[in-house]
Number of protein chains: 2
Amino acid sequence: MIMKIAQIAPLYEAVPPKLYGGTERVVAHLCDALVDLGHEVTLFSSAEAETKAVLVPVRDQAIRLDPAPLKSDLAAHLFMLAEVRRRAAEFDVLHFHVDMIHFPMFESLAGRTLTTLHGRLDLKDLAGVYARWPQYPLISISDDQRRYLPDANWAATVHHGMPAELYRFSPKGEGYLAFLGRISPEKRPDRAIAIAKRLGRRLKIAAKVDAADRRYFHDEIEPLLNDPLIEFVGEIGDEAKSDFLGGADALLFPIDWPEPFGLVMIEAMGCGTPVVAWRCGSTREVIEPGLTGFLVESDAEADRAVEQAVRLDRAAIRRRFEHRFSASSMGRRYVDCYRRLSAMQEAAPRIANDLADAQEPSRIKSA
Amino acid sequence: MIMKIAQIAPLYEAVPPKLYGGTERVVAHLCDALVDLGHEVTLFSSAEAETKAVLVPVRDQAIRLDPAPLKSDLAAHLFMLAEVRRRAAEFDVLHFHVDMIHFPMFESLAGRTLTTLHGRLDLKDLAGVYARWPQYPLISISDDQRRYLPDANWAATVHHGMPAELYRFSPKGEGYLAFLGRISPEKRPDRAIAIAKRLGRRLKIAAKVDAADRRYFHDEIEPLLNDPLIEFVGEIGDEAKSDFLGGADALLFPIDWPEPFGLVMIEAMGCGTPVVAWRCGSTREVIEPGLTGFLVESDAEADRAVEQAVRLDRAAIRRRFEHRFSASSMGRRYVDCYRRLSAMQEAAPRIANDLADAQEPSRIKSA
């Protein structure tokens, strides 16, 4: 059965982003995957989106790189949501990727919505909001992400996927370890550098440095770069990723924060490159130890794991990527969610509405 | 008739703010003034508020100075609004000071709400939102503020007021000009310095320097401070304002942006100090030329205006402040607005609702 699906993207970055940006990248590939699966997909986003879906441009360009000096991200998103609501009757499912900002506007339609939470959930003010609007079915991008909001209305975990054709399989590494991402304390580039130096292996670091992290980069990381083993190559775009990741003997992912997913792990796997990750956040769910990489909890374990990882079967890693983390695999999993949602709505629309009302005993009704 | 009034404050600063912060300061004094006028006032805000109103604390402390590293201002405000909505039936009027974030949540109650817009309105994304939610009656804090949204649903302009007892009348200046505010390009502290130097008069600058403006301060302003006429005293709190402003022969307000109100002008008047302001934003509505100060458009005009301003009748300036810009004067003007709102609701609740519906032809209804 063909479904009519609305995808509602954040307006901060282009879909997909010109440079950095995880959420809009995932939404872009989800749209294309759903179209490839035969569904009718409508994307609400900023106007420069590149998509196989029908595009509803609600802002002339994405907010972050818009040179206009005075802009309001709240207003931009409310405007988009008003447009989504105006057209809501056209869709079987409304799939939101904008955190909780739509909660006040779609209460009567909550049973036809899915909301994927893309960010970390250990923020001070979140629990109250998810408790106040319990009627929205939520998708986590890893099971671990749920840890800080265990009582929220979780419907499923759907891991991210990336298009298989975006990553070129590389049967053999070229003799270096790789670190790819942002330079920031919680990403622990210092750990990656220390591993390389202890093992006497080369390390290439491709990373952007945000304004907020410039001091950390200057004070903590730059002094460590003065070593023939370590090469800092700066920020790289999508087109350079296959070369950078595919050339690596292993990707180091030594994070020290509850990263809810970590796209770079599956991007490495897409090239056949094994991943050595700290056991933290989502890494347990993404990496299959001994098959696609290793999970470690100490420097000593990391050193041993790297020496084992570089000998893993790279073709097998790519196959696991295609099976578990391709965009079409993600698309199929979301279609399952949409179908369950529709089935629940058709089976018991009355019950669903009654339940929603019961959860909000003091809700104000129209006069 | 005693009215039951809910005041909904932003959660960024304490009510009133510990340091800088205009909106929360106005809300604090409005609450107290309404209580003094005999009304039942309930304040929704962060917990450290100091108020004569009944306080509903919706966050343990204001967001900006909360040391918690991970917080969500959107979630904090949505949580507050859910609490306001739960209790909305208790109030005759809901008075919002949170820009447009409440629009999606109070559509069926819009006729019982007032929304004071405290910020500049020349932002790229605003017009679309005010067009989408035309049913909310809006209060401007100056007529000039409306210029960028002329077609919005303006109900009235209510100028800000400050408590008369907060400012000590000073019958005579002490021989210096004053500049009070933020150091930033659009506040034009450079103009104030140039005036003082041309006239050979002393200038005291009391101003905070935000992180965003540190380079401007260092590059453009600091080199100008090396002059015996110019004294930079840093940021000052409420307790020092009467001395600082009351001691001035005149306040310089040489702004170069459409400031929607400009509290410091009325704070100076509260001390009996005349104001020389550039004709820009709200200044035309606040200053009565020849009585409380002068409006200028060039350096030459400013020089002449300062020499005239220092000879104005300071007691008359204080009287104009008490009459036009005291907190109780602001309170009375808002009560007028609340009464008109209630009268309209009682006269024609059906019509009002029909109108609201007609303005939103495609609004989604509950099943």
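Every number here is computed from the coordinates shown, using simple stated rules; none is lab data. Bear in mind that the values here come from a model prediction, so they are computed numbers and not experimental data. Backbone-built Cβ (ideal geometry, glycine too); neighbour counts: all protein chains shown.
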Exercise. Say R0 is 45 Å: what FRET efficiency, to the nearest 0.05, do A:ASP210 and A:MET344 get from their beta-carbon distance?
Worked result: 0.60
Seminar exercise, completed: By the C-alpha gyration tensor axes a ≥ b ≥ c (rounded if a/c is under 1.5, else prolate when a/b exceeds b/c, else oblate), the shape of region A:152-212 is oblate
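Using only the Cα atoms of region B:1-145, construct the convex hull and provide its projected area averaged over every direction, in square nanometres to one decimal. Don't jump to the answer; show the numbers that get you there.
Values: hull surface 36.9 nm².
Computed as one quarter of the Cα hull surface, the answer is 9.2 nm².
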Seminar exercise, completed: Dividing the mean separation of Cα pairs under 8 Å (6+ apart) by the residue count of chain A yields a relative contact order in percent of 15 percent
Problem set entry | Computed [θ] at 222 nm, helices only, for chain B once each DSSP H run of length n ≥ 4 contributes -39500 (n - 2.57) | -10000 deg cm²/dmol
Exercise. What is the calculated FRET efficiency for A:VAL233 to A:LEU166, with r their C-beta to C-beta distance and R₀ = 22 Å, to the nearest 0.05?
Worked result: 0.65
Exercise. How big is the antiparallel share of DSSP beta bridges in the protein assembly as shown, given as a percent to the nearest 5?
Worked result: 0 percent
For this session: Mind listing the long-range amide H neighbours of B:ALA9? Cut-off is under 5 Å, sequence gap 5 or more, other chains count too, H placed in the peptide plane at 1.01 Å from N.
Result: B:PHE44
Problem set entry | region B:258-316: relative contact order in percent, alpha carbon pairs under 8 Å with at least 6 residues between | 34 percent
Problem set entry | Zone residues, region A:113-151, relative to A:ASP256, backbone N less than 20 Å from point 7 Å out along Cα-to-Cβ | A:120-123
Exercise. Given springs between every Cα pair under 10 Å in a Gaussian network model of chain B, which of B:ASP122, B:ASP219, B:ASP32 has the largest fluctuation?
Worked result: B:ASP219
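Name the shape class, rounded, prolate or oblate, that the alpha-carbon gyration tensor gives for the protein assembly as shown, where a ≥ b ≥ c are the square roots of its eigenvalues, rounded holds for a/c under 1.5, and otherwise prolate holds if a/b is larger than b/c and oblate otherwise.
Oblate, because a/c is 1.5 or more while a/b does not exceed b/c.
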For this session: Could you pull out the trypsin sites (Lys or Arg not before Pro) across region B:247-324 that fall in loop regions by DSSP (anything but H, G, I, E, B) with no more than 16 other Cβ atoms inside 10 Å?
Result: B:ARG279, B:ARG311
Exercise. Each label point is 7 Å from the Cα along the Cα-to-Cβ direction; what then is the distance between the points at B:ASP336 and A:ASP73, in nm?
Worked result: 4.1 nm
For this session: Set the Förster distance to 51 Å, then compute FRET efficiency between A:HIS323 and A:ASP60 from the Cβ-Cβ distance, nearest 0.05.
Result: 0.80
Exercise. Can you list, shortest first and in nm, the gaps between the label point of A:ALA131 and those of its counterparts in the other copies, using a point 7 Å from Cα in the C-beta direction?
Worked result: 4.1
For this session: Kindly express, to the nearest 10 degrees and within the range 0 to 90, the angle between helix A:299-309's C-alpha long axis and the longest C-alpha principal axis of chain A.
Result: 90 degrees
Exercise. Relative to the longest principal Cα axis of chain A, at what angle does helix A:349-359 sit, 0 to 90 degrees, rounded to 10?
Worked result: 80 degrees
Exercise. Looking at chain B, what % of its DSSP beta bridges pair antiparallel, to the nearest 5?
Worked result: 0 percent
Problem set entry | Karplus 3J(HN,Hα) series, Hz, for region A:56-71 with 6.51 cos²θ - 1.76 cosθ + 1.60 (x for Gly, Pro) | 10, x, 10, 8, 5, 7, 5, 5, 4, 9, 5, x, 3, x, 10, 8
Exercise. Under unit Cβ charges (Lys, Arg +1; Asp, Glu -1), what dipole magnitude, rounded to 20 debye, does chain A have relative to its Cα centre?
Worked result: 460 debye
Seminar exercise, completed: Inter-chain shielding metric for A:257-269, i.e. average beta-carbon neighbours from other chains within 10 angstrom, reads 0
Exercise. Trypsin sites (Lys or Arg not before Pro) within region A:1-84: which are DSSP loop residues with at most 15 other Cβ atoms inside 10 Å?
Worked result: A:LYS18, A:LYS52
Exercise. Which of B:TYR176, B:LEU224, B:PHE244 sits closest to the plus end of the dipole of region B:166-250, meaning its Cα is farthest towards the positive end, when Lys and Arg get +1 and Asp and Glu get -1 on the C-beta?
Worked result: B:TYR176
For this session: Taking each label point as 7 Å beyond Cα in the direction of the beta carbon, state the distances from A:ALA343 to the same residue in the other copies, shortest first, in nm.
Result: 6.1
Problem set entry | Per the axis that maps chain A onto chain B, nearest residue of A (Cβ criterion) and its distance in Å | A:PRO104, 2
Exercise. Considering amide H positions built from the backbone, and no H for Pro or chain starts, which residues 5 or more places from A:LEU114, or on another chain, come under 5 Å of its amide H?
Worked result: A:LEU94, A:HIS95, A:PHE96
For this session: Using amide H atoms built 1.01 Å from N in the peptide plane, name the residues 5+ places from B:GLY293, or on other chains, whose amide H lies under 5 Å from its own.
Result: B:VAL275, B:GLU288
Seminar exercise, completed: Relative contact order in percent for region B:43-175 (Cα pairs under 8 Å, 6+ apart) equals 14 percent
For this session: Provide an ascending nm list, one decimal, of label-point separations from A:TYR148 to the equivalent residue in each further copy; define each label point as 7 Å from Cα along Cα→Cβ.
Result: 3.3
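Excluding the sites themselves, what is the longest stretch of chain B that contains no GluC sites (Glu not before Pro) in a DSSP loop with at most 13 other C-beta atoms within 10 Å?
In chain B, the maximal stretch lacking such sites is B:51-173.
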Seminar exercise, completed: As straight-line cross-link partners of A:LYS208, the qualifying lysines (C-alpha separation under 28 Å, not fewer than 8 residues apart within one chain) are A:LYS18, A:LYS71, A:LYS124, A:LYS172, A:LYS187, A:LYS197, A:LYS241, B:LYS71
For this session: Shielding by partners for B:61-74, please: the mean number of other protein chain Cβ atoms within 10 Å of each residue's Cβ.
Result: 3
Problem set entry | Cβ-defined net charge surrounding A:THR42, 9 Å radius [Lys, Arg +1; Asp, Glu -1] | 0
